[in-house]
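Below is one structure; the comments refer to it alone.
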Amino acid sequence: MNPLQDYLRYIVTLAAVLDPFLAVPIFLSVTSPADPAGRLRLARAVTVTVFAVLGGAALFGEPLLRWLGTGLPAFQVGGGLVLLLMALAMLNAQPGALRQTPAEAQELRSGEWSGVVPLAVPLLAGPGAIGTTIIASQKGGVAHGLVLVVCIALVCGLLWWMLRIADAIAPKMGTTGLNIATRLLGLLLAAIAIQTMAEGLRQLFPGLA
């Protein structure tokens, strides 16, 4: 693929991994309908946190892998497996344990957390999103990393917009509509995950090509 296709693929993958449709009902469950200003503040805080985490992964992911002595092919296989597990959970319209454990979900419902944690991290900017970003960051230098940050900003803009109008989206789409959207993104993510794993396996085992 040419560079433009690579960046478009990253944007689509990241949007599928973040899955704003899955975040909408969870976001509404931890915000008060009577406090629209507080809901907007939380949407902004969640979006900024996601951007900061993923932007850091884009800029510092490659040096971190080099320091750990981990090769890109191995990381592609491991990251692809994480994405595939997330995709399988999305096909069932569930967050999945990789995004949120039952204990974390209970803490969020009980109000023991602010909503930024664990909504921003690890529910949105979790292992799948971070792994996807680190894999994408391996193909270039500083300029490439900055372009990835722009891509992250575009996806985070979409996330912020959906959280901002979550109270309007949820009634119109309903639980079934949100679940259908999540399942479609899960199907797309499953295909991307398998492709990522295949690329890593071909490099690890050239005889498979």
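The values are calculated or read from the model by the stated rules, or taken from the named source; none is laboratory data. On a predicted model such as this, the values are computed, not experimentally measured, just so you know. With ideal geometry, Cβ positions are generated from the backbone for all residues, glycine too; neighbour counts draw on all protein chains shown.
Just a yes or no: is a residue in the stretch 31-42 within 26 Å of residue 101 (Cβ to Cβ), surrounded by 14 or more Cβ atoms within 10 Å (Cβ to Cβ) and among the aliphatic types (A, V, I, L, M)?
yes
State the number of residues belonging to the stretch 158-194 that are under 18 Å from residue 14 (Cβ atoms) and in contact (Cβ under 8 Å) with a residue 60 or more places away in the chain.
Pass one, the stretch 158-194, residues under 18 Å from residue 14 (Cβ atoms): 158-163, 181-182, 184-194.
Adding the requirement that they be in contact (Cβ under 8 Å) with a residue 60 or more places away in the chain leaves 158-160, 162-163, 181-182, 185-190, 192-194.
Residues meeting the conditions: 16.
Any idea which residue in the stretch 72-107 is modelled with the lowest pLDDT, counting only those that are among the small types (Gly, Ala, Ser) and in a helix (DSSP H, G or I)? Before the answer, list the steps.
Within the stretch 72-107, the subset among the small types (Gly, Ala, Ser) is 74, 78-80, 87, 89, 93, 96-97, 103, 105.
From the residues that got through so far, the ones that are in a helix (DSSP H, G or I) too are 74, 78-80, 87, 89, 103, 105.
On the way: 74: 89, 78: 93, 79: 93, 80: 94, 87: 94, 89: 94, 103: 75, 105: 72.
Among those residues, the one meeting the criterion is 105.
Output the qualifying pairs, or none if there are none: Cβ atoms under 9 angstrom, residues six or more apart or on different chains, first residue in the stretch 127-151 and farther than 20 Å from residue 98 by Cα, second residue modelled with pLDDT of 90 or more and of a type in the set (Val, Ile, Thr).
136/13; 140/147; 148/133; 151/11
Taking residue 63 and the conditions (1) surrounded by fewer than 19 Cβ atoms within 10 Å (Cβ to Cβ); (2) modelled with pLDDT under 85; (3) in contact with a helix residue (DSSP H, G or I) (Cβ under 9 Å, 6 or more places away or on another chain); (4) not basic (Lys, Arg), which numbered condition does it fall short on, given that it satisfies the others?
(3)
Could you run through the stretch 1-25 and say how many residues are buried (at least 21 other Cβ atoms within 10 Å of the Cβ) and part of a helix (DSSP H, G or I)? Before you say what the answer is, go through the steps one by one.
Of the stretch 1-25, the ones buried (at least 21 other Cβ atoms within 10 Å of the Cβ) are 10, 13-14, 16-24.
In the following step, the residues that additionally are part of a helix (DSSP H, G or I) were identified as 10, 13-14, 16-18, 20-24.
So the count comes out to 11.
Six or more apart or on different chains, Cβ under 8 Å: which pairs go from a residue in the stretch 87-101 that's within 20 Å of residue 177 (Cβ to Cβ) to one that's assigned to a helix (DSSP H, G or I) and of a type in the set (Val, Ile, Thr)? Could you list them?
From residues that are within 20 Å of residue 177 (Cβ to Cβ), the pairs are 90/182; 93/182; 95/26.
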